[in-house]
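Everything on this sheet refers to the single structure shown next.
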Amino acid sequence: MSPEVTPAERWATFLEFPEPHKITGNLTDCLNELLGYENTLQYISKKDNISSYHIGGINQHALKKYLLSQKVFTRASTVKLIHGWIPTYVSLCRQGRMHSLICLQCKEHIESSDHIRVCDHPSEKVTLLDNMLHKLEK
C-alpha cells in the first residue's frame, strides 16, 4: 500500500523498502539503505535462517538509532554480539590464542557462543549481551 501524496509533496521522495514511506531525513542514508536492502535481506535470511517475514518485524530504525547512540567500540562489540561473533575459547583456540576450549566459568563444557548463553555461571560477555537486549526492549 503506497502512502498518499498531497500536492505539496509532489516532489517528495518515497521508498518501498522495508515498507512504503516518505524520506524525511538524510537522503543519502535512505538511498544507500534502499540500494542494499534486498541483498542484505537475502544475506541475513540465508546466513541466520530467518525468514523475510520475521526480518520485517524488526524495528530497523530503532535498532539503528540505538547502535548509533553508542561509542564506536561499544557499537562494534554490540554488533558482534548480535551476529554471534563472540570471542569464545572455541574461536580463540582455533586462532592459537588460547590453549583450552573449556569454559573458565563452569569448568565443565566447551565455551562456544551457544554455551555462554546457557552457562550456569554467566560471564561478562553474557552480562553485556543481556544489557544490550534489555536496552533494545526499552
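Please treat every number below as a calculation from the coordinates, not as lab data. Worth saying up front: this structure is predicted, and the values here are computed from it rather than measured. Positions of Cβ are backbone-derived with ideal geometry, glycine not excepted, and every protein chain shown enters the neighbour counts.
Numbers for the structure displayed
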{"quantity": "Computed E for residue 100/residue 53 - FRET, C-beta separation, R0 35 angstrom, nearest 0.05", "calculated": "0.25"}
{"quantity": "For 63, 68, order by how many other beta-carbon atoms lie within 10 Å, fewest first", "calculated": "68, 63"}
{"quantity": "Distance histogram in 10 Å bins (all Cα pairs of segment 70-138, percent per bin)", "calculated": "20, 49, 27, 4"}
{"quantity": "Whichever lysines have a C-alpha closer than 22 Å to that of residue 107, once near sequence neighbours (fewer than 8 apart) are set aside", "calculated": "125"}
{"quantity": "Residue-by-residue Karplus 3J(HN,Hα) for segment 100-115, coefficients 6.51, -1.76, 1.60, Hz, glycine and proline x", "calculated": "10, 8, 6, 4, 6, 6, 9, 6, 10, 10, 5, 7, 10, 5, 5, 5"}
{"quantity": "Residue-by-residue Karplus 3J(HN,Hα) for segment 46-61, coefficients 6.51, -1.76, 1.60, Hz, glycine and proline x", "calculated": "6, 5, 9, 6, 10, 6, 4, 4, 5, 5, x, x, 8, 7, 5, 5"}
